[in-house]
Amino acid sequence: MPDVEHALSKTAIWVAAARAVGAREPDSQARNPDHLAEALLGDPAQLVVRHPMIDALNLPYEVAMQDFEVSGMVRSMTIRTRFIDEALQRAVAAGAVQVLVIGAGLDSHAYRCTALLVGARIFELDRPATLQHKQQRVAAVLGTPPANLVYVPADLQHETPATALARHGYDPALRTFVIMEGVSMYVPAEALQATLRFVAAHAPGSRIVFDFCTQAMIEGLRRMNVQALPPAARPSMERFVELIRDEPWVFGIPLDSEREFMAGVGLELCEMLTIGGPESVTRYLTRADGTVIGAESMARADALREAAMARAAEAMAPGQREKIEAVIREQARHNAYRIAEAAVVTRTH
């Protein structure tokens, strides 16, 4: 078996752990539907990532969710997974007969959505070492993979997705649903635009779902001095920076330019959701009884921030706190993390 450190990226392990913990939520209305994430990850002791998110796998759900760092990631991945699942269901209902997962990692759609995808061909594209590890985990957990699944090992530094997929019988002329989850921020602008143009060349009715961050967030990460952060915020940011040290975030879409960006690669933006924003919380994190998953740890974090602001306000001139809070709100908007669904533009002749 290949070393997990070389087969899977640290961030792939991190997000799969968040899906696994989120799948333990008792209320199905707010649960992460990826019930296979934990099994596909395997033994937490064998994972190379050292992070509270991995430690949470060994804790009772209620205890793990008291940690803001854990609950924040669980909330984000629950929103992301449920948004993608709903879009996939709509696409199949509308006639999609081909599903492409770019950067498949530990994606589980082919294995947990078998009834939905029985009439489709599914292609998982990723690095050869990643797919080899994935196939071994699938064999250990499920036995044989679905007969309609095709693994496409490819080194995209040396060939395009179109070339790699063509070797395996992939047909862009078919109505297709593309999942590109946790990929866009790691890819240079030119390569990402080329991939999206490849998607845009698919049959009319084809769609893609992908997540992305803003250009401001990328620039902020590049300029950030972790040691200058408040002591309470420093450890979690240090862990995040370590996670992406070998997989740096390099691309973000300029704020409020998402529709134009998509049009520039031949796609039409259909829906965009800010992950963690009020709408996403209402749609995906609210239980049947009206409570919200992770609300307790979020409230404690807010209280700590409020206390820190109150202490700082003692030295502020009248009205200065309001100005600073307005700046913080604007920074939060500029640092938004989003997920979007886009459609192939119907061509007229």
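Checked against the criterion of being among the acidic types (Asp, Glu) and outside the structural domain of Glu69 (by TED's automatic domain parsing), the candidates Glu271, Glu260, Glu238 yield just one match: Glu238.
Within segment 5-20, the set of residues being under 15 Å from the mean Cα position of the chain (by Cα) and either closer than 13 Å to Arg75 by Cα or not in a loop (DSSP other than H, G, I, E, B) (or both) comprises Lys10, Thr11, Ala12, Ile13, Trp14, Val15, Ala16, Ala17, Ala18, Arg19, Ala20. For segment 266-275, check the following and say yes or no: at least one residue is farther than 21 Å from Val344 by Cα and hydrophobic (A, V, I, L, M, F, W, C). Yes, segment 266-275 contains a residue that is farther than 21 Å from Val344 by Cα and hydrophobic (A, V, I, L, M, F, W, C). Please go through segment 54-75 and give me each residue that is over 18 Å from Asp27 (Cβ atoms) and in contact with a strand residue (DSSP E or B) (Cβ under 9 Å, 6 or more places away or on another chain), ordered by number. Once the filter is applied, which keeps residues that are over 18 Å from Asp27 (Cβ atoms) and in contact with a strand residue (DSSP E or B) (Cβ under 9 Å, 6 or more places away or on another chain), segment 54-75 yields nothing. Just one residue in the set Val118, Val150 is surrounded by fewer than 20 Cβ atoms within 10 Å (Cβ to Cβ), touching a strand residue (DSSP E or B) at 6+ places or on another chain (Cβ under 8 Å), hydrophobic (A, V, I, L, M, F, W, C) and in the same structural domain as Asp27 (by TED's automatic domain parsing); that residue is Val150. Taken over segment 72-82, the residue count meeting the criterion of being over 16 Å from Val183 (Cα atoms) and surrounded by fewer than 24 Cβ atoms within 10 Å (Cβ to Cβ) is 2. I need the full set of residues from segment 147-181 which are part of a helix (DSSP H, G or I) and at positive phi, in order please. Once the filter is applied, which keeps residues that are part of a helix (DSSP H, G or I) and at positive phi, segment 147-181 yields nothing. When segment 120-147 is limited to residues that are touching a residue at least 24 places away in the same chain (Cβ under 8 Å) and among the small types (Gly, Ala, Ser), the one that is nearest to Arg80 (Cα to Cα) turns out to be Ala120.
Yes or no, residue by residue, for (1) under 30 Å from Ala173 (Cβ atoms); (2) modelled with pLDDT of 95 or more; (3) in a loop (DSSP other than H, G, I, E, B); (4) of a type outside the set (S, T, N, Q):
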position: Met298; (1), (2), (3), (4): no, no, no, yes
position: Met316; (1), (2), (3), (4): no, no, yes, yes
position: Arg321; (1), (2), (3), (4): no, no, no, yes
position: Ala343; (1), (2), (3), (4): yes, yes, no, yes
position: His349; (1), (2), (3), (4): yes, no, yes, yes
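Exactly one residue out of Leu88, Leu59, Leu40, Leu47 is in the same structural domain as Gly22 (by TED's automatic domain parsing) and either of a type in the set (Val, Ile, Thr) or in contact with a His (Cβ under 9 Å, 6 or more places away or on another chain) (or both), and it is Leu88. Per the listing Arg175, Arg197, Arg127, the residue uniquely basic (Lys, Arg), surrounded by fewer than 22 Cβ atoms within 10 Å (Cβ to Cβ) and modelled with pLDDT under 95 is Arg127.
Do we find a residue being surrounded by 13 or more Cβ atoms within 10 Å (Cβ to Cβ), farther than 30 Å from Arg31 by Cβ and either at pLDDT below 95 or touching a strand residue (DSSP E or B) at 6+ places or on another chain (Cβ under 8 Å) (or both) anywhere in segment 268-286? Yes - at least one qualifying residue is present in segment 268-286. May I ask you to verify whether Thr144 is β-branched (Val, Ile, Thr), out of contact with any Leu (no Cβ under 8 Å at 6 or more places or on another chain) and either in a helix (DSSP H, G or I) or under 26 Å from Arg175 (Cβ atoms) (or both)? No; evaluated as a whole, the condition is false for this residue. Counting the residues of segment 49-64 that are under 20 Å from the mean Cα position of the chain (by Cα) and touching a residue at least 40 places away in the same chain (Cβ under 8 Å) gives 5. Cβ-Cβ distances below 7 Å connect no pair with a first residue in segment 162-180 that is not assigned by TED's automatic domain parsing to the domain that holds Leu267, a second residue that is at pLDDT below 95 and among the basic types (Lys, Arg), and a separation of six or more residues or different chains. Just one of (1) surrounded by 14 or more Cβ atoms within 10 Å (Cβ to Cβ); (2) part of a helix (DSSP H, G or I) fails for Trp249. It is (2).
The values are calculated or read from the model by the stated rules, or taken from the named source; none is laboratory data. What you see is a predicted model, and the numbers here were worked out from it, not measured in a lab. Cβ atoms come from the backbone with ideal geometry, glycine included; neighbour counts cover every protein chain shown.
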